[in-house]
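The values are calculated or read from the model by the stated rules, or taken from the named source; none is laboratory data. Just so it is clear, the structure is predicted and the values come from calculations on it, not from any experiment. Neighbour counts run over all protein chains shown; Cβ positions are idealised from the backbone, glycine included. Please note that ligands, DNA and RNA were not included when accessible areas were found on the heavy atoms of the full protein model with its side chains. Shrake-Rupley method; radii C 1.70, N 1.55, O 1.52, S 1.80 Å.
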Amino acid sequence: MTPIKIESITKSFHGETAVDAVSLDLASGSFTALLGPSGCGKTTLLRLIAGFERPDAGRILFNERTISDARAVVPPEERNVGVVFQSYALWPHLSVAGNVAYPLKMRGVGSAEIERRVAEALATVELGGFDARDTADLSGGQRQRVALARCLVAEADVIVFDEPLANLDVHLRAAMLETFRQVHRATGRTIVYVTHDQAEALALADRVAVMDHGKLLQFSTPEMLYRAPATGMVARFIGRGGVISAEVTPNEPGRSRVICGQTSFFARSQGQPQGPADVLLRPEALRLVDAGSGGIAGLVRRSTYHGPAYEIEVAVAGGRLVVDAPHALALGSPVSVAVDDAWVVPDPKSS
Ligand code: ADP
Ligand code: MG
């Protein structure tokens with residue numbers, strides 16, 4: 001299988017930097033999500049990995065072999081990369097089986113083997129029995145599955161996805177996430193998956209690379225992204241929660257005291273930060289308690305039903321918090337918020 005090493009890769013278009021000195025080590029057989037807001041450089045990085053773009057600087061290695069640098073690029077068809085893009089790129093005049101068989105036909109594989117491998121790939125993406133269908137009659141999700149089956153028969157060691165679910169409705173999306181996970185488990189391919197949807201990234205990937213303005217902000221497991229975001233941008237981008245400005249003092253290694261208005265609480269931290277800092281508070285680590293019974297004092301600014309609970313936004317010293325409550329609260333009511341867990345966001349200037 002194929003590990004991918006990305007070394008300080010940079011790409012600009014007309015003087016604007018789309019990907020800015022990004023380095024990433026993707027283990028063989030890993031599932032990596034590239035996550036970030038629209039325009040942050042995800043697709044460009046994916047196209048660099050797949051071989052559709054030449055970097056201005058840096059290099060990319062597949063299996064320790066340089067396949068892209070500023071001088072030369074090994075084209076996609078020679079680097080064994082399979083591509084599943086949002087526009088499905090299927091041949092409209094070919095059946096489902098014809099589309100999936102296409103890369104094998106191009107290689108002159110015998111028809112009995114083609115039939116066997118196409119059937120196997122269609123079964124893997126849960127399209128068994130769809131062989132003779134016209135691709136024009138398929139739903140968006142089914143077309144994605146055909147595109148994925150085509151990558152699988154081609155035995156691409158690396159499969160890259162660019163926002164494959166962006167056109168699908170929410171139920172179909174959940175089913176496709178399960179298919180992607182299943183295909184990854186069953187085939188062990190190295191997968192790079194671009195999305196702007198954090199829920200998709202957290203649910204799918206072993207590790208997530210968060211990008212903003214062409215730069216890599218954090219590369220870690222979904223749990224670490226959520227629990228210990230490396231920057232304020234990551235803290236605000238991933239999950240629900242509030243980031244407040246507060247004063248922190250060291251308590252013990254890995255733990256700080258945070259002063260917020262008239263009260264203080266403990267937070268996890270990296271090292272021993274001191275002074276003004278951003279502090280992340282997740283809703284599940286907060287409880288509304290009676291006003292005046294300790295906790296952070298604040299005023300209700302928003303109360304929104306979101307299914308099982310009401311999401312309450314509370315203005316406090318230094319910012320706004322988000323807390324869940326079983327019932328709506330009147331705007332402007334005074335409340336108190338007790339803190340079970342928090343995280344001092346590292347200051348990029350001090351590291
Ligand atoms: P994302 O996929 O995260 O939305 P892109 O990689 O598509 O971001 O784009 C990053 C930046 O590079 C954007 O500002 C975009 O306009 C620019 N860009 C991407 N591709 C091209 C191109 N072929 N020509 C000019 N500018 C481009
Ligand atoms: Mg894109």
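Being in contact (Cβ under 8 Å) with a residue 12 or more places away in the chain, among the basic types (Lys, Arg) and open to solvent by 20 Å² or more (accessible area, probe 1.4 Å) is a property that Arg143 has. Number of residues in segment 29-78 that are of a type outside the set (Gly, Ala, Ser) and within 16 Å of ligand 2 (Cβ to nearest atom): the value is 15.
Assess whether Arg116 counts as being free of Cβ contacts under 8 Å to residues at least 24 places away in the same chain, away from ligand 1 (no atom under 16 Å from the Cβ), open to solvent by 40 Å² or more (accessible area, probe 1.4 Å) and charged (D, E, K, R). Yes; evaluated as a whole, the condition is true for this residue.
One line per residue, one yes/no per condition, for (1) open to solvent by 30 Å² or more (accessible area, probe 1.4 Å); (2) modelled with pLDDT of 95 or more; (3) in contact with a helix residue (DSSP H, G or I) (Cβ under 7 Å, 6 or more places away or on another chain):
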residue	(1), (2), (3)
Ile191	no, yes, yes
Asp206	yes, yes, no
Leu217	yes, yes, yes
Ala228	no, yes, no
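Pairs are defined by a Cβ separation below 8 Å, a sequence spacing of at least 6 or placement on different chains, a first member in segment 88-112 that is on the phi < 0 side of the Ramachandran plot and of a type in the set (Phe, Trp, Tyr), and a second member that is in a loop (DSSP other than H, G, I, E, B) and surrounded by fewer than 20 Cβ atoms within 10 Å (Cβ to Cβ); the pairs so defined are Tyr102/Trp91; Tyr102/Leu94. Note on segment 41-62: among residues that are within 10 Å of ligand 1 (Cβ to nearest atom) and part of a helix (DSSP H, G or I), the one that is most open to solvent (accessible area, probe 1.4 Å) is Arg47.
Can you go through Val337, Val300, Val316, Val279 and tell me which one is closer than 19 Å to Gly232 by Cα, over 30 Å from the mean Cα position of the chain (by Cα) and crowded, with 18+ Cβ neighbours inside 10 Å?
Val316
From the list Glu223, Glu178, the lone residue that is outside any loop (DSSP other than H, G, I, E, B), away from ligand 1 (no atom under 16 Å from the Cβ) and either at pLDDT 95 or above or of a type in the set (Lys, Arg) (or both) is Glu223. You will find that of Val183, Val210, Val234, the residue that is open to solvent by less than 10 Å² (accessible area, probe 1.4 Å) and not in a helix (DSSP H, G or I) is Val210 and no other.
Within segment 1-40, the set of residues being near ligand 1 (Cβ under 8 Å from one of its atoms), assigned to a strand (DSSP E or B) and surrounded by fewer than 15 Cβ atoms within 10 Å (Cβ to Cβ) comprises Phe13, Glu16.
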